[in-house]
Amino acid sequence: MSVSKLNPRESGEHIVKHAQHVRVLPAGIEKLTQEIVNGLKEKRISVENFSQHELHPNPNFNQEDNSRAADWVFVLDTLNFCFWTPNNYTKYKVEGYTGYFALCAAVKRAIKEGVDVINPKFYSKIDLETLENIFRSDDGETKIPLIQKRLESLHEVGKVLIEKYDGSFENLIKAADKSAVRLLDLIVEEFACFRDEAEFAGKRVSILKRAQILVGDVWSCYRGQGLGYFKDIEQITMFADYRIPQVLVHFGSLEYTNELMEFLKSDTLLENGDPREVEIRGASIYIIELVRDAVVKILQEQHPEISLDNVNSIVIDQYLWDYRRQHNADLEHIPFHKVLSIYY
């Protein structure tokens, strides 16, 4: 990355410092910190949660499974964006699942049907009709949003893997030499569709939702071991999307101005890079970093029995994302920002 570009943590700080539409509230950060500490004490927050989900790859730590799981995760996160349509947020369903899990269900179904969907030799040349069939919905009519963008993304990343990494995402992970930051940089350098950045208050800021979630998912999938071991995993921040801010508003750690709240309630689409969008996402990163630091301090002082190895912004993000799904009815009154984007 060039020196003039801020990394996600620095970006969060810069964005909050210059924000005009959002505020970060200390009392809400304390409340959220306590929620996370309790979740860790009760073992509701764990790195195990990712690979235990039935729709995620679960490597058995032999060589073939290792490579396969890495390629599987890579395809999921190449396509992990925009599952809602402006008129119906949960209309796209696969095997009863909505959102990101509908994507996971479609990929798993394709693998079961013998489609070589996680092989870059296959998806670098896949045609639209085949892709539409892979992502066919339960009702047979609703299409996965931004299908053309998904096709272009697969073509782009597949070609790079074949030309530079012998057709294997595992080789790119190994090129990072156990550094999460280096892997993040490589993903952003190699794949244009992962370059989630913006201009804000005179700086180039990096949000990098999908690139960071890809690093986080590799770490989670392998439970921080083997191919998933990174010496600097704590440098990865949360994955700024449109759902986590609902949880942050719910806990009172994030507040919108009246004007922004009214705008969000109007269901008007924002353009990617709009200052309001950048502020919401940047503040989300900033808040979770503050929460993570506070959680670590409390655990060190009060709960030395809890290992800090797996306490980071990745597991906090995963917990809050699950929290939003579990408490959907309580949070649905909080509007989310709507952007048709490949970045989240």
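The values are calculated or read from the model by the stated rules, or taken from the named source; none is laboratory data. Just so we're clear, the structure is a prediction, and the values are computed from it rather than from any experiment. Note: ideal-geometry Cβ built from the backbone for every residue, glycine included; neighbour counts use all protein chains shown. These area figures cover heavy atoms from the full protein model, side chains too; ligands, DNA and RNA do not enter into them. Shrake-Rupley method; radii C 1.70, N 1.55, O 1.52, S 1.80 Å.
Within the range 192-200, one or more residues are over 15 Å from the mean Cα position of the chain (by Cα) and closer than 30 Å to ASP116 by Cβ.
Yes or no, residue by residue, for (1) among the hydrophobic types (A, V, I, L, M, F, W, C); (2) closer than 19 Å to ASN80 by Cβ; (3) modelled with pLDDT of 95 or more; (4) in contact with a strand residue (DSSP E or B) (Cβ under 8 Å, 6 or more places away or on another chain):
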{"site": "GLU113", "(1), (2), (3), (4)": "no, no, yes, no"}
{"site": "ASP139", "(1), (2), (3), (4)": "no, no, no, yes"}
{"site": "LYS143", "(1), (2), (3), (4)": "no, yes, no, no"}
{"site": "GLY167", "(1), (2), (3), (4)": "no, no, yes, no"}
{"site": "LYS178", "(1), (2), (3), (4)": "no, no, yes, no"}
{"site": "VAL181", "(1), (2), (3), (4)": "yes, no, yes, no"}
{"site": "ALA192", "(1), (2), (3), (4)": "yes, yes, yes, no"}
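Does the range 192-214 contain at least one residue that is out of contact with any helix residue (DSSP H, G or I) (no Cβ under 9 Å at 6 or more places or on another chain), surrounded by fewer than 20 Cβ atoms within 10 Å (Cβ to Cβ), assigned to a helix (DSSP H, G or I) and not polar (S, T, N, Q)? Checked the range 192-214: no residue is out of contact with any helix residue (DSSP H, G or I) (no Cβ under 9 Å at 6 or more places or on another chain), surrounded by fewer than 20 Cβ atoms within 10 Å (Cβ to Cβ), assigned to a helix (DSSP H, G or I) and not polar (S, T, N, Q).
A quick yes/no check of all residues on (1) modelled with pLDDT of 95 or more; (2) aliphatic (A, V, I, L, M):
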site: LEU55; (1), (2): no, yes
site: PRO59; (1), (2): no, no
site: GLU64; (1), (2): no, no
site: VAL75; (1), (2): yes, yes
site: ASN80; (1), (2): yes, no
site: PHE83; (1), (2): no, no
site: PRO86; (1), (2): no, no
site: TYR89; (1), (2): no, no
site: LYS93; (1), (2): no, no
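Taking the criterion of being among the hydrophobic types (A, V, I, L, M, F, W, C) and either open to solvent by 50 Å² or more (accessible area, probe 1.4 Å) or in a helix (DSSP H, G or I) (or both), the residues of the range 164-191 that qualify are PHE169, LEU172, ILE173, ALA175, ALA180, VAL181, LEU183, LEU184, LEU186, ILE187, VAL188. Summed over the range 303-334, the residues that are touching a residue at least 60 places away in the same chain (Cβ under 8 Å) and either under 16 Å from LYS43 (Cα atoms) or open to solvent by less than 20 Å² (accessible area, probe 1.4 Å) (or both) give a count of 18. Residues in the range 20-41 that are open to solvent by 20 Å² or more (accessible area, probe 1.4 Å) and of a type in the set (Gly, Ala, Ser): ALA27 alone. Look at the range 65-85: where a residue is at positive phi, no partner that is assigned to a helix (DSSP H, G or I) and aliphatic (A, V, I, L, M) sits 6+ places away or on another chain with Cβ atoms under 9 Å. If you go through the range 245-292 and keep only what is within 20 Å of the chain's Cα centre (by Cα), charged (D, E, K, R) and in a helix (DSSP H, G or I), you end up with ARG276, GLU277, GLU279, ARG281, GLU289, ARG292. Scanning the range 215-270 for residues that are in contact with a strand residue (DSSP E or B) (Cβ under 7 Å, 6 or more places away or on another chain) and open to solvent by 50 Å² or more (accessible area, probe 1.4 Å) turns up just one, GLU255.
Here the range 69-100 is the region considered, the condition is being open to solvent by 10 Å² or more (accessible area, probe 1.4 Å) and touching a strand residue (DSSP E or B) at 6+ places or on another chain (Cβ under 8 Å), and the residue that is nearest to LEU146 (Cα to Cα) is PHE83.
The set of residues from the range 133-155 being touching a Cys at 6+ places or on another chain (Cβ under 6 Å) and either assigned to a helix (DSSP H, G or I) or without any contact (Cβ under 8 Å) to a residue 40 or more places away in the chain (or both) comprises just one member, SER153.
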